[in-house]
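The values are calculated or read from the model by the stated rules, or taken from the named source; none is laboratory data. Just so you know, these numbers come straight off a predicted model, no measurement behind them. Here the Cβ positions follow ideal geometry from the backbone for every residue, glycine too, while neighbour counts run over all protein chains shown. For accessibility, only protein heavy atoms count, side chains too; no ligands or nucleic acids. Shrake-Rupley method; radii C 1.70, N 1.55, O 1.52, S 1.80 Å.
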Amino acid sequence: MTRIKNRTLPALLLALALLAGCAPAQSAPGESAPPPAASQSSASLSVPEPEPEPTVIRLMAAGDAMSHMPITQDAYIAASGEYSYRHMLLDASEQLSDADYAVGNLETPLAGGPDYSGYPVFNAPDSLAFDLKAAGFDLFTAANNHSLDQGTSGIYRTLDVLDQAELDHVGAYRSQEERDASSGILVADVDGVSIAFLSYTYGLNGFRLPKGEEYAVNVYNLDYYTTLSQPDYELLQADLEAARALDADLIAVLIHWGTEYQNAPNGYQTNLAQFLVEQGADLVLGNHPHVLQPYETLSVTGWDGQPREGFVCYSLGNFISNQPDLEMRTTAILELELTKDPETGETDLTGVGYLPYYMIHRDDRPAGQQRLLVNIHQALADQQAGGLPLSETEVQELQDALAHCHTILGAEDDLGLSPS
C-alpha cells in the first residue's frame, strides 16, 4: 500500500506561493486580453493503448526421412561427385517455407562416406541434413530404430552434422552430461511461444547400446533389445516432470512406435499416448509405421488431478523413402496452429490441417529425376511433376493416394481443397 506523508507548514506555504505565481495576470485598462489557453480537457486526453494481440504460430510436422539406396543414387551428381536431395524436396519446401518451426524424423545415421547404405543398415550422405534444412526444417528427432545402425560413433557424428547444418535435434546425445544438462529436453522459442521437445524410440532393431553409453539414444522400453513389451514409465514420468518444471508454453513428444504398415494405431500406442498426455504432453507426434495413421484429441485426467487435453498424431508415414507400395509412398505434412493468449499466457491448439504428398518413382529417367516427392493437389492441377508431364499411371496413382489420405486423415482438414 502507498502511504502519503504529512507535509510541513513551510512546504505548504511555498506550494501556495507557487500556485499564486502561476495565476494569469489581469489586463490593464484599454489592453486586449490574451487569447485563451488551450482547453485543459483536450490537452489531458491520452490515446488508449492498443489491446495486446495473441501470438499465433504455425508448427509443421513430417514423417520419416529415409535414404534407401535408390534415393541416395538419385541424389548423386556424377559431374561433381556430390549429393543433392533438393529436387526431391521442391514441392515440400513451398509449404515448409511458411512454417514458424518444422520437425521431422531422420531415420538414417550420417556416419560419413563413401560407403553409403540403405536398408537394413542405413548410412546417408551429409548433404541430406543440409538439404532438409534448406527445405525449411528446424528440428529432427534422432531417436528411432535405425539410430544405432552405424554404432554409437555413427550417432555422435550424426549429431555433429546436424549441428553443422544448424538443425536442432533431440532424442540422442554424445555424453551423459549432454543429456543430463537438459534432461533430454530441447526447448525451442518459436516467435515467443516456447515448446519443450522430447523424443523416444521403442527399440534399436535388436541392437543393444554399449555398456556405459546407454545415454546415446532415448529408448522407452526396458526390454528394447528383446520382447519390446515393458515401457519404462518411470523414465517417461521423470522426463515429463522435468519438462513441466521448465514452464514452457507447450510440451511435445516425438515418438517412434507402432506396427509397421498398419493404418490404425494398436493398443500399445493408444495406452502410451494416454499416459504421455496424462503426464503433461500437449502434442504427441508419432512415426515408424511407414504409413499414415489418424490423429485425435485425447481428454484425460492429468498428473495433478485436473482435466486436460492432448493432440496425438499416431503416424505421418514416410516423408522421403523408396518403399514400393502406394500406402508407403503416400504422406502428409501436418500443420498445427498454436495461439498464445496475451492476457492469460495460455497456449492452445487452434487449428489442424495437412497437405497430402506422394513419392513418384521414375526408374526410366536419369539421376536427379527418378524420385520426386510431389504435392498431390499441385501435381494434379498442373498435370506436371517437377516440370515433367504426368503419365496416365501417375495420374491414377496420385488420385488413389489422395483418396487414401482422406480415408485416414479426413478430407475436411485437407488444406489443398478449396473451401466450399
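Please report, in debye to the nearest 20, how large the charge dipole of the chain is about its Cα centre when each Lys and Arg carries +1 at its beta carbon and each Asp and Glu carries -1 there.
1020 debye
Evaluate the distance, in nm, between pseudo-label points positioned 7 Å from the Cα of THR301 and of ASN271 along their respective Cα→Cβ axes.
Modelled inter-label distance: 1.9 nm.
Round to the nearest 10 and report in Å² the accessible area of SER391, as given by a 1.4 Å probe over the protein chains' heavy atoms.
50 Å²
Between ALA181 and LEU90, how many nm apart are label points set 7 Å from Cα along the C-beta direction?
4.0 nm
Evaluate E = 1/(1 + (r/R0)^6) for ALA78 and SER46, where r is the Cβ-Cβ distance and R0 equals 56 Å; express this FRET efficiency to the nearest 0.05.
0.20
Expressed as an acute angle from 0 to 90° and rounded to the nearest 10, what is the orientation of the C-alpha long axis of helix 267-278 relative to the principal long axis of the chain?
Relative to the chain, helix 267-278 is tipped by roughly 20 degrees.
In nm, give the distance between the simple-model label positions of ASP325 and ASP382, each being 7 Å from the Cα along the Cα-to-Cβ direction.
3.1 nm
Which whole-Hz couplings ³J(HN,Hα) result when phi for each residue of segment 54-68 is put into the Karplus expression 6.51 cos²θ - 1.76 cosθ + 1.60, θ = phi - 60°, listed in order with x for Gly and Pro?
x, 8, 10, 10, 10, 9, 10, 9, 10, x, 7, 8, 10, 10, 4
As I understand it, the value is the acute angle between the Cα axis of helix 233-245 and the longest principal axis of the Cα atoms of the chain; what does it come to in degrees, rounded to 10?
30 degrees
Sort 322-334, 204-216, 54-66 for me by packing, meaning the mean count of neighbouring Cβ atoms within 10 Å per residue, highest on top.
Per-residue Cβ counts within 10 Å, averaged per peptide and sorted highest first, yield 54-66, 322-334, 204-216.
Mind giving me the FRET efficiency for ARG208 and GLN262? R0 is 30 Å, r the Cβ-Cβ distance, nearest 0.05 is fine.
0.70
Using alpha carbons only, how many degrees (0 to 90, rounded to 10) separate the axis of helix 151-164 from the longest principal axis of the chain?
Once rounded, the angle reads 40 degrees.
Would you mind working out the accessible area per residue for the chain, using a 1.4 Å probe, and quoting it in Å²?
Per residue, the chain has an accessible area of 48 Å².
Rounded to a whole number, what % of the accessible area of the chain do carbon and sulfur atoms account for, probe 1.4 Å?
Ligands and nucleic acids excluded, carbon and sulfur give 51 percent.
What are the radius of gyration and Dmax of the chain, computed over its Cα atoms and given in Å?
Over the chain's Cα set, Rg and Dmax evaluate to 29.4, 110 Å.
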